[in-house]
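Comments concern the structure below.
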Amino acid sequence: QPGEQEYFSNIDVIEGDEIMNIDDDQLLNIEANEKDNGDEDFIDYMINNSLITDNWNLDISSNDDAELIDKKEIYILMKKCRSFISMINKSSILKGYFDQLRATLDKKRSLADDCETRWNSTFYLIDSFIDLKILIVKFFRDKNLMDVRRALINKMISIELQHDDWVLLANIHMVLKPFD
């Protein structure tokens, strides 16, 4: 009848490929254990009688090497960014070319260097790189057209930001943005 409560005499519990059937006596025994001994004993009873399987850790990765790789990648990326800023500031030819690109692309902002004593300065460095990405990519693309020593071009090649670097930079930016 609609509105009437149904009572089941048996409960099916699925464990793996097996279906176990718990009758009223077992259910009453489980409920009695729960009332008498508390939740921990109830859970122990369920586990010991194969009514619950604890498999929470099956999908957890405990690879600590991945964390070390990420830290190393971030360190290398930040070193590239700082080296790029330093290289531009030390060379009048590179600084002039960079400023010319900024004027051509109508970008008023310049690259921000970070400072050890200001925690948010790294965010500003990353933010400036992302904001000037088109300019920086063009700068690296034109490196062979600049009238500079071959050693400086090789240095530019070594610190050139690749696609993965830009993705990581965007991810770091996203993490640091709420703290700005």
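The values are calculated or read from the model by the stated rules, or taken from the named source; none is laboratory data. This is a predicted model, so every value here is computed, not measured. All Cβ positions, glycine included, derive from the backbone under ideal geometry; neighbour counts span all protein chains shown.
Would you say residue 80 is within 24 Å of the chain's Cα centre (by Cα), exposed (fewer than 13 other Cβ atoms within 10 Å of the Cβ) and modelled with pLDDT of 85 or more? No, not satisfied.
Per-residue answers, yes or no, for (1) out of contact with any helix residue (DSSP H, G or I) (no Cβ under 7 Å at 6 or more places or on another chain); (2) more than 20 Å from residue 76 (Cβ to Cβ):
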| site | (1), (2) |
| --- | --- |
| 100 | yes, yes |
| 105 | no, yes |
| 112 | no, no |
| 128 | yes, no |
| 136 | no, no |
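Selection within region 112-139: residues that are within 21 Å of the chain's Cα centre (by Cα) and closer than 16 Å to residue 89 by Cα. The member of this set that is surrounded by the fewest Cβ atoms within 10 Å (Cβ to Cβ) is 128. Residues of region 153-179 that are of a type in the set (D, E, K, R) and within 15 Å of the chain's Cα centre (by Cα): 164, 165, 177. Taking the criterion of being outside any loop (DSSP other than H, G, I, E, B) and more than 26 Å from residue 179 (Cβ to Cβ), the residues of region 95-133 that qualify are 95, 96, 97, 98, 99, 100, 101, 102, 103, 104.
A residue that is of a type in the set (Gly, Ala, Ser), in contact with a helix residue (DSSP H, G or I) (Cβ under 7 Å, 6 or more places away or on another chain), surrounded by fewer than 16 Cβ atoms within 10 Å (Cβ to Cβ) and without any contact (Cβ under 8 Å) to a residue 60 or more places away in the chain cannot be found anywhere in region 140-156.
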